[in-house]
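The values are calculated or read from the model by the stated rules, or taken from the named source; none is laboratory data. Since the model is a prediction, treat every value here as computed from it, not as a measurement. Neighbour counts are summed over all protein chains in view; Cβ atoms, including those assigned to glycine, are modelled from backbone coordinates with ideal geometry. Just the protein is used for accessible areas: all its heavy atoms, side chains included, with ligands, DNA and RNA removed. Shrake-Rupley method; radii C 1.70, N 1.55, O 1.52, S 1.80 Å.
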Amino acid sequence: MSKHAHIEDLADLRDDLDRKYHACWYERMLSAPVDAKKLPVAMRVFGALCVIGAAFAIYEVILAIMAAVSLFDGGGMRDYDISTTVVTFLRLADIVLLALAFSVIGIRLLLNQRRYAAVVIYAVYVLLLIGALCALMLYGVNIRLLIYVGLFALLVALQVYLDPSLRGERELQRKLHDSEVREEQEEGVLGRDLSGRGYMALNFFNLFWLFVVASILGDVMETIVHVTIVDPGQWQDRAGLLFGPFSPIYGCGAILMTLALNRFYKSNVILIFFVSAIIGGAFEFFVSLFMQYTFGAVAWNYTGQWLSIDGRTCGWAMGCWGLLGVAWIKLILPGMLWLVNKIPWNWRYVVTTIAALLMAVDCVMTLQALDCWYERLSHDPVDTPIQHFYADHFDDAYMADRFQSMTVDPGSAVRGGRV
């Protein structure tokens, strides 16, 4: 039997098992009343607390809006920068939406409608991300971010508990996992989406290593372009994290392009080019806005360039993103999967877990270091243990040397626009 035929047989087997599992699951759902299994009392108490907490949050937001209206009437808002005002009201709106979502979850739990509650949680994830970004821009790295992280972890656990199909799907995957991974690695297709719906399987393992490799390649590419074209002969560190040769904007861009184009890997390169250009340009604009609003940091400026959009992206930069997208989908992804196949299957999860923890530490420390750098440049007192740690080990000179392409102006940040 040829490798191609064996791969098709494996894909057919998995699809057949998936169909049988979901057919049985839907049959059970149709033959049994929805949410027939009653939730324990603790879950109903949690639902009541969600409703009470949501009502209290909305009450607090109403008071904050009334205070803002009084400031408008008294002319006090003249002391606030427009960006600070916009982000503040965006955060208030996000809190209201979060409160409404939690009230829906609470009511569903009280009514024992667990599946509907699990579905609503997907929307809450997006609202938590928006809220965390707004809090970061308004207040920097502080305890408020831990609240969002804690709520996210709580909702993940709650969703897994509420949705029985998630547990069933995990049980099915565990049964198929070992044999599939062994056979896929033997055939050299580990990481491919054998169903044909996309080029690669979109799981945490694949996406994490895409992020890592793209971050390294992006850092190397930017360094070469700068030393050969932008400023010939002058080397500049283009890394975006505190440790390692990583440029996370390219890592995140690679993940966005993979998510958007995974199903279209056989499409015309012109379509891939334009989609990649739009995604890359929008992402570059958002990252530039976020960095400036959060830390007063500017790492690139396209003012005066062709089709410049507020200096945050431009026509030729979007064109570069388009070319990178084509190269990524058509050339780099196959090489990535070849590299993945070189990792022994019984090592891949241990190595990935350790690497993911190290990357998380690097990202968190980078945010803290940038926040403390911003505070020092703002002449804020250095009085907390965290501020002393970063002032001693990552002082202004170290940060300026590490992030050589970045300038920080505290007055241009959202926090810099508040009195």
_the range 84-108, residues that are within 18 Å of residue 289 (Cβ to Cβ), in contact with a helix residue (DSSP H, G or I) (Cβ under 6 Å, 6 or more places away or on another chain) and of a type in the set (A, V, I, L, M, F, W, C)_ = 87, 90
*Identify, please: which residue in the range 237-266 is closer than 20 Å to residue 227 by Cα and small (Gly, Ala, Ser) and is, among those, surrounded by the fewest Cβ atoms within 10 Å (Cβ to Cβ)?*
244
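Across the range 267-281, which residue is nearest to the chain's Cα centre (by Cα) among those that are without any contact (Cβ under 8 Å) to a residue 24 or more places away in the chain and open to solvent by 60 Å² or more (accessible area, probe 1.4 Å)?
Step one: of the range 267-281, the residues without any contact (Cβ under 8 Å) to a residue 24 or more places away in the chain are 267-268, 270-271.
Going one step further and asking which of them are open to solvent by 60 Å² or more (accessible area, probe 1.4 Å), we end up with 268, 270-271.
On the way: 268: 28, 270: 27, 271: 25 Å.
If we take residues in the range 267-281 being without any contact (Cβ under 8 Å) to a residue 24 or more places away in the chain and open to solvent by 60 Å² or more (accessible area, probe 1.4 Å), then 271 is nearest to the chain's Cα centre (by Cα).
Assigned to a helix (DSSP H, G or I) and either charged (D, E, K, R) or modelled with pLDDT under 85 (or both), is that true of residue 168? Spell out the reasoning first.
On the way: assigned to a helix (DSSP H, G or I): yes; either charged (D, E, K, R) or modelled with pLDDT under 85 (or both): yes.
Yes, satisfied.
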_Filtered residues of the range 392-407 (kept if buried (at least 17 other Cβ atoms within 10 Å of the Cβ) and under 21 Å from residue 137 (Cα atoms))_ = 399, 403, 406
*Got a number for residues in the range 225-236 being open to solvent by less than 70 Å² (accessible area, probe 1.4 Å), of a type outside the set (Val, Ile, Thr) and under 30 Å from residue 390 (Cβ atoms)?*
3
*So how many residues does the range 265-312 have that are more than 30 Å from residue 142 (Cα to Cα), assigned to a loop (DSSP other than H, G, I, E, B) and aliphatic (A, V, I, L, M)?*
1
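Among the residues of the range 332-354, is any closer than 30 Å to residue 306 by Cα and in a helix (DSSP H, G or I)? Walk me through it before giving the result.
Pass one, the range 332-354, residues closer than 30 Å to residue 306 by Cα: 332.
So of that shortlist, the ones also in a helix (DSSP H, G or I) come out as 332.
Yes, the conditions are met somewhere in the range 332-354.
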*Tell me which of these residue 361 doesn't satisfy, since it passes every other one: (1) loosely packed, with under 15 Cβ neighbours inside 10 Å; (2) under 22 Å from residue 256 (Cβ atoms).*
(2)
*Looking only at the range 322-331, which residues are within 22 Å of the chain's Cα centre (by Cα) and open to solvent by 20 Å² or more (accessible area, probe 1.4 Å)?*
324
*Restricting attention to the range 24-54, report how many residues are of a type in the set (Gly, Ala, Ser), at pLDDT 50 or above and open to solvent by less than 60 Å² (accessible area, probe 1.4 Å).*
4
*Flag if residue 133 is in a helix (DSSP H, G or I) and in contact (Cβ under 8 Å) with a residue 40 or more places away in the chain*: yes
*Within the range 371-380, identify whether any single residue is assigned to a helix (DSSP H, G or I), closer than 24 Å to residue 296 by Cα and among the aliphatic types (A, V, I, L, M), and answer yes or no.*
yes
_Options 343, 386, 329, 354: the member that is β-branched (Val, Ile, Thr), on the phi < 0 side of the Ramachandran plot and in contact (Cβ under 8 Å) with a residue 60 or more places away in the chain_ = 329
*Residue check, residue 222 against (1) surrounded by fewer than 16 Cβ atoms within 10 Å (Cβ to Cβ); (2) under 14 Å from residue 321 (Cβ atoms), all met but one. Which one?*
(1)
*Would you point out which residue out of 104, 86, 120 is of a type in the set (Val, Ile, Thr), in a helix (DSSP H, G or I) and either open to solvent by 80 Å² or more (accessible area, probe 1.4 Å) or over 22 Å from residue 45 (Cα atoms) (or both)?*
86
